[in-house]
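None of the figures in this text is laboratory data; all of them are computed from the coordinates on show. The shown structure was predicted, so the numbers you read here are calculated from the model rather than taken from an experiment. Glycine also receives a Cβ, built like all others from the backbone with ideal geometry; neighbour counts cover every protein chain displayed.
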Amino acid sequence: MTLGTAPIGYDLSLCIPNLKAKGKESALAEMVSAAHLAGAIREPDLLLELLRVRERVGSTALGKGVAIPSARSVTVLAPRLVLGRTARGIEWGAADGHPVTLIFMALAPGEWREEAFHGLIARAAAVARLQRNRHRLLSAPSPEAVAEVLRGASA
Amino acid sequence: MGHPTYPRSADEAPASTERWTPLSRIVHLNDLDLLTRETTDPASLARLKKLGLAAEDTERLKAARAQAAQSVGARWLVAYERARQRYGSAVAAVRDRVCLGCFVTLPTTARPRSGAETVTTCESCGRILFWG
């Protein structure tokens, strides 16, 4: 089983172009809820609590308006990237002090090894690192356009 | 024994775990153990740092883990720790009746009734089963 190299589909139901949340914890909750509704996870309460604990261990903000909260759990059915976007920005404890406008939530099943899990996070980070990609993701007019940008950026 | 330092303030209050089933508590403990390994193993930590992700406050994680272990209760904690010592991860997901820990097909009778708060283990490897 080549878990580490499994392709990550960009499921449109896992893209939230306009997060309603105004804070970090509510943004995590909104994104976990979307993943649950899309059938990507079970037991959303457990996953949310894990993400909250992870944030307390250290901020997952990378700077430049990007955060990559992540969780590896048996409650995750298959590897997923959930993308949340917010124009107003959310305080995420970034080292550069910038509020976060792009949130890539990386979710992996519990049986995944750490290397594979970090590979998933690295893919999101690679997309987010380029200013051109961030700009395209922030200005994409629809979830379809966001998915297209992600596909193109990670090809 | 010192009182756990987690949570540190009301806005950090954890989800209400009182209503969680015994299995949910075990799964949460397993999640925290996976996170502990991820944030303490030197190779893993080096990768996280390279990615620009911080993991400096592991004391909070230890406190959360202690609290989660306490909520599991002595009976299941023994089975949990035994499986964790042996395999690294004590809980295995089940997909299509297959234990993803040892890949043995489980008998149809192994699945707990819907809504039952029963905790089941794999007859083959002894891991605690999470039926997904």
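Miscellaneous remarks
- For segment B:94-116, the set of residues classified as surrounded by fewer than 16 Cβ atoms within 10 Å (Cβ to Cβ) and closer than 17 Å to A:PRO109 by Cα consists of B:ARG95, B:ASP96, B:ARG97, B:VAL98, B:CYS102, B:PHE103, listed by residue number.
- For segment A:45-67, the set of residues classified as β-branched (Val, Ile, Thr), within 7 Å of chain B (Cβ to nearest Cβ) and in contact with a strand residue (DSSP E or B) (Cβ under 6 Å, 6 or more places away or on another chain) consists of A:THR60 only.
- Residue in segment B:99-112 that is of a type in the set (Ser, Thr, Tyr) and outside any strand (DSSP E or B) present: yes
- Candidates B:THR121, B:THR105, filtered to the one that is farther than 20 Å from B:THR17 by Cα, over 19 Å from the mean Cα position of the chain (by Cα) and not hydrophobic (A, V, I, L, M, F, W, C): B:THR105
- Candidates B:ALA79, B:ALA83, B:ALA90, B:ALA68, filtered to the one that is within 13 Å of the chain's Cα centre (by Cα), farther than 23 Å from A:LEU51 by Cβ and surrounded by 18 or more Cβ atoms within 10 Å (Cβ to Cβ): B:ALA83
- Screening segment A:66-150 for strands (runs of 3 or more DSSP E) wholly inside it with 1 or more residues that are at positive phi and either surrounded by fewer than 19 Cβ atoms within 10 Å (Cβ to Cβ) or not small (Gly, Ala, Ser) (or both) returns the ranges A:80-90.
- Scope segment B:24-65; condition part of a helix (DSSP H, G or I), within 9 Å of another protein chain (Cβ to nearest Cβ) and hydrophobic (A, V, I, L, M, F, W, C); matching residues: B:VAL27, B:LEU32, B:LEU34, B:LEU35, B:ALA43, B:LEU48, B:LEU51, B:LEU61, B:ALA64
- Selection status of B:GLN85, part of a helix (DSSP H, G or I), out of contact with any Cys (no Cβ under 8 Å at 6 or more places or on another chain) and within 13 Å of chain A (Cβ to nearest Cβ): no
- Screening A:ALA78 on (1) in contact with a Pro (Cβ under 7 Å, 6 or more places away or on another chain); (2) over 14 Å from A:LEU14 (Cβ atoms); (3) more than 9 Å from chain B (Cβ to nearest Cβ) shows it passes everything except condition (2).
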